[in-house]
Each structure stands twice: as C-alpha cells, then as structure tokens.
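Notes follow once the structure below has been shown.
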Amino acid sequence: MNTTVKTASAAVGSVPTIASPVMFKQASAVLNAAGTAQILKIAKAAKNAKRVVIIGHAAALTNISEFRFAISRERANVVKAALVKAGVTATIEIVAQSDNQPVKTQKTESAQAKNRRADVYIFG
C-alpha cells in the first residue's frame, strides 16, 4: 500500500494530499492496523497545518441512503478523533459524501471496497 504524501499546488497555496486514503471494512468505521498506520503518517504531515478537511465516503452496495451518509460521517469522525489523539492541533472539518464521489463505479464487492474510505486534505 502506498502511504506517501504528495504535494500539489492550488489556489490556496501548497496543499498536500494523501496518496492513500484511510480504508474501512464493509459497514464499519473501525480503524484497522493499516488505517492506524496511515493516521500516523497523516498526523506527521499535518504537524504544522492550519486546517484539515476529512471527507468520509461509503460504498454503493446498499439502497439505504441514510446508512450511507451515516457511515461516511462516522468514518470521517473516527479519522478526526484519531488525528486529534495523534496530536494534530489544526482546525479539522469533516464532510460526509455518502457514495457521491466513488473511486470505482462497478457494483462488485472488490470495486466498492475502494469506496469505503476517508480522504484527508491538509492545508498549510
């Protein structure tokens, strides 16, 4: 798994984006070992950040839209709590996207597994 941090230029300045999102199991917002390791890398990258935005996502394998929004919000909250625990002092905003920004659109379990994630954006 690629867990490096890449930097891209944007209108607001230098905006590092995390190459690998924090991934979750189906219907879960619990961090696994890989997620915890990714949190530590993100926390290190966000050490001097002013603002962090966490966007929670969900797979599209259930027809219950309320669940998809709830699980995406919970994933973002779990990542926020873990970053605070790891020492991130920046203002942290969360966004729940449900299944509105899929990485994969195929309705297979393996494709939808890539959509169960939280993306983190760090603003310097």
Review point. Which of the residues belonging to segment 106-124 are surrounded by 18 or more Cβ atoms within 10 Å (Cβ to Cβ) and more than 16 Å from residue 57 (Cα to Cα)?
Key: 122, 123
**Study point:** Selection count where residues are β-branched (Val, Ile, Thr) and either touching a Ser or Thr at 6+ places or on another chain (Cβ under 6 Å) or within 13 Å of residue 45 (Cα to Cα) (or both), scope segment 85-124
**Key:** 4
**Study point:** One residue from 89, 36 being without any contact (Cβ under 8 Å) to a residue 40 or more places away in the chain and either touching a helix residue (DSSP H, G or I) at 6+ places or on another chain (Cβ under 7 Å) or β-branched (Val, Ile, Thr) (or both)
**Key:** 89
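Would you confirm whether or not segment 28-37 contains a residue that is modelled with pLDDT of 95 or more and either acidic (Asp, Glu) or more than 14 Å from the chain's Cα centre (by Cα) (or both)? Please lay out each step first, then the result.
Taking segment 28-37 and keeping what is modelled with pLDDT of 95 or more, we get 28-37.
Right, trim to either acidic (Asp, Glu) or more than 14 Å from the chain's Cα centre (by Cα) (or both) and you get 33.
Yes: segment 28-37 contains one or more residues that are modelled with pLDDT of 95 or more and either acidic (Asp, Glu) or more than 14 Å from the chain's Cα centre (by Cα) (or both).
Pick from segment 66-115 the residues that are small (Gly, Ala, Ser) and part of a loop (DSSP other than H, G, I, E, B): which of them is nearest to the chain's Cα centre (by Cα)?
Here the answer is 98.
The values are calculated or read from the model by the stated rules, or taken from the named source; none is laboratory data. Every value quoted in this text rests on a predicted model; they were computed, and no experiment measured them. Cβ atoms come from the backbone with ideal geometry, glycine included; neighbour counts cover every protein chain shown.
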